[in-house]
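Enquirer: Provided herewith is a single structure, encoded as structure tokens, for subsequent inquiry.
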Amino acid sequence: MRSLTVAILGDTNRAEEIAGRLGKKGTIMEITQYNYKKEDKALTIATASRFPEKVQSLTFALAMSDYVVLVVPKIDKALGEVIIAIDAFGKKHGLIILENYLQPENLRPLIAGTCMESWEFADSNLLSGGITPLQERLFAFLDSAPVSAGEVKIPVDQVFNVRGVGTVILGMVMRGSVKVHDVLEVFPSGKKAQVRSIQVHDHDVQEAVCGSRVGLALKNVEVDDIKKGDILAPPESLKTSNQFKLDVVVNKYFKETLTVGSVLQAMVLFEIKPVVIKKIWKGKGQPEMDELKPSGKGVVEISSEHLFAYEPSDLFILSYLEAKGPRIAAKGYPLVDE
């Protein structure tokens, strides 16, 4: 079964309404998930149900999505932060649905220079007819979407105990595939777990491929051994550290300055942990600096009391929750030789 994860963003109430028409409501946490299955294809729809109160609701929805539908019934401050977040994640595949007589020219100045410039515009007619046209559009994208190859990687967004089954996690297969009896490491703790059984959309399967929303029953680990944000992957396939360097770009709309000693929230996939900036350099091998201003580029060394699990290709989002304007401060990638 092939699956597509779609983030529906924009006005939160409107996004929830549309998602509820697209699929059956499932998990409700920082994000709300809806599920729809048709023959051998499935949609997992994520909404940032706690945004704008919590910016991590928005970033979690984007972290798990392959495709984004931006619904715009009005232009306001929250929309600006959504556009900033989408661009920070560099989402290349998406659709903009305009409502309430808004026209593309109303939005183009806001998305100029972002990854959204190439997105297609559509009007609210796409949401008519029992929302079937939008479902067809999403399944058409799924048919043409490439599959992310490589070793399996499953970020965990829920963990609980099921009587008679044991430890169960819910997560997304971000890469590769997982099979019954696979032995995976729980990063960053280092615990080893064996896959006892797999469910995809409430059906038992022997294998789940990239893009699948999965429930895994695990052997050899307890509920207390795993937490939200952990990653299941082949043993020794990821790095773990609580201090490392990121090659970053500061959001040009961020109204603060990043300095040595700044306390931020660092997010990678579903991990989100507080960090402190220890040092700043103008670039790799360049002189040290005291600060990074909006639009600035540089290397920052961050430190945390908690371990992160990551690989060089993982995008880190740095946010400042007390910011006067947009809360997304910067984005960056770990330095390869760190």
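We did not get these values from a lab; they are worked out from the coordinates using the rules stated. These numbers come from a predicted model, not from an experiment. Neighbour counts run over all protein chains shown; Cβ positions are idealised from the backbone, glycine included.
Enquirer: Name the lysines eligible as straight-distance cross-link partners of residue 191: C-alpha to C-alpha under 19 Å, and not fewer than 8 places from it in the same chain.
Expert: 153, 179, 219, 227, 228, 239
Enquirer: May I pose another question? Of the residues 22, 102, 307, which exhibits the maximal mean-square fluctuation in a Gaussian network model of the chain defined by a 10 Å Cα contact cut-off?
Expert: Result: 102 has the largest fluctuation of those listed.
Enquirer: Leaving out same-chain residues fewer than 8 places away, which aspartates and glutamates sit with a Cα under 19 Å from that of residue 255?
Expert: List returned: 53, 76, 81, 87, 290, 291, 322.
Enquirer: Also, I was wondering about something else. Once you order the gyration tensor axes a ≥ b ≥ c over the Cα atoms, which shape class does region 86-147 get: rounded for a/c under 1.5, otherwise prolate or oblate by comparing a/b with b/c? Walk me through the intermediate numbers first.
Expert: Numbers: a/c = 3.09, a/b = 1.10, b/c = 2.81.
Here region 86-147 falls in the oblate category.
Enquirer: Please give the net charge around residue 292, taking every other residue with its beta carbon less than 15 angstrom from that of residue 292, where Lys and Arg add +1 and Asp and Glu add -1.
Expert: Numbers: positive: 245, 252, 255, 278, 279, 282, 284, 293, 297, 331; negative: 247, 256, 288, 290, 291, 301.
Residues near residue 292 contribute +4 overall.
Enquirer: Using every alpha carbon pair in the chain, what percent of pairs falls into each 10 Å bin from 0 up to the bin containing the largest distance?
Expert: Going from the shortest bin to the longest, the percentages are 5, 25, 32, 25, 11, 1.
Enquirer: Once you have a ≥ b ≥ c as the square roots of the Cα gyration tensor eigenvalues for region 239-334, tell me rounded if a/c is under 1.5, and otherwise prolate or oblate according to whether a/b is larger than b/c.
Expert: Oblate, since a/c reaches 1.5 and b/c is not below a/b.
Enquirer: Counting alpha carbon pairs within less than 8 Å and at least 6 residues apart, what relative contact order, in whole percent, applies to region 2-144?
Expert: That works out to 23 percent.
Enquirer: Here's a follow-up. Treat each spin label as a single point 7 Å out from the Cα along the C-beta direction, and report the residue 108 to residue 284 distance in nm.
Expert: Using points 7 Å along Cα→Cβ, the separation is 3.8 nm.
Enquirer: Given Cα pairs under 8 Å that are at least 6 residues apart, what percent is the relative contact order of region 239-334?
Expert: Details: 245 pairs, mean separation 38.7, N = 96.
In percent, rounded to a whole number, it is 40.
Enquirer: Turning to a different aspect of this structure: Please build a GNM for the chain, connecting alpha carbons under 10 Å apart, and tell me which residue among 186, 156, 260 fluctuates the most.
Expert: In this elastic network of the chain, the residue with the biggest mean-square fluctuation among 186, 156, 260 is 260.
Enquirer: Right, another one. For the chain, what does the helix formula give at 222 nm: sum of -39500 (n - 2.57) over DSSP H segments with n ≥ 4, over the residue count, nearest 500 deg cm²/dmol? Mind showing how you got there, number by number?
Expert: Numbers: 5 runs with 55 residues, N = 338.
The per-residue figure over the chain is -5000 deg cm²/dmol.
Enquirer: Once you sort the root eigenvalues of the Cα gyration tensor of region 23-143 as a ≥ b ≥ c, which label holds: rounded (a/c under 1.5), prolate (a/b larger than b/c) or oblate (the other case)?
Expert: oblate
Enquirer: Something else about it: Using a cut-off of 9 Å between beta-carbons, work out the net charge of the residues near residue 57 (Lys and Arg +1, Asp and Glu -1, residue 57 not included).
Expert: 0
Enquirer: Counting other C-beta atoms within 10 Å, and keeping those with at most 14, which DSSP coil GluC sites (Glu not before Pro) do you find in region 118-214?
Expert: Passing sites in region 118-214 are 151.
Enquirer: Something else now. Rounded to the nearest 5, what % of the DSSP beta bridges within the chain are antiparallel ones?
Expert: Rounded to the nearest five, the antiparallel share is 80 percent.
Enquirer: Taking amide hydrogens as modeled 1.01 Å from N in the peptide plane, which residues meet the under 5 Å criterion relative to residue 6, leaving out close sequence neighbours?
Expert: It is 44, 45, 46, 66, by chain and number.
Enquirer: What does the charge count near residue 275 come to, summing +1 for each Lys or Arg and -1 for each Asp or Glu among other residues with Cβ under 13 Å from its Cβ?
Expert: +1
Enquirer: Let me ask another. Gaussian network model of the chain, Cα springs within a sub-10 Å range: biggest mean-square fluctuation belongs to which of 211, 164, 229?
Expert: Judging by the Gaussian network model, the answer is 164.
Enquirer: Contact order normalised by length for the chain, with contacts defined as Cα pairs under 8 Å and 6 or more residues apart; what percent is it?
Expert: 13 percent
Enquirer: With just the Cα atoms defining each centre, how far is region 225-298 from region 169-200? Give it in Å.
Expert: 27 Å
Enquirer: Explain nothing, just compute: Karplus ³J(HN,Hα) = 6.51 cos²θ - 1.76 cosθ + 1.60, θ = phi - 60°, for every residue of region 262-276 in order, whole Hz, x for Gly and Pro.
Expert: 4, 9, 10, 9, 9, 10, 9, 6, 9, 7, 8, 9, x, 9, 10
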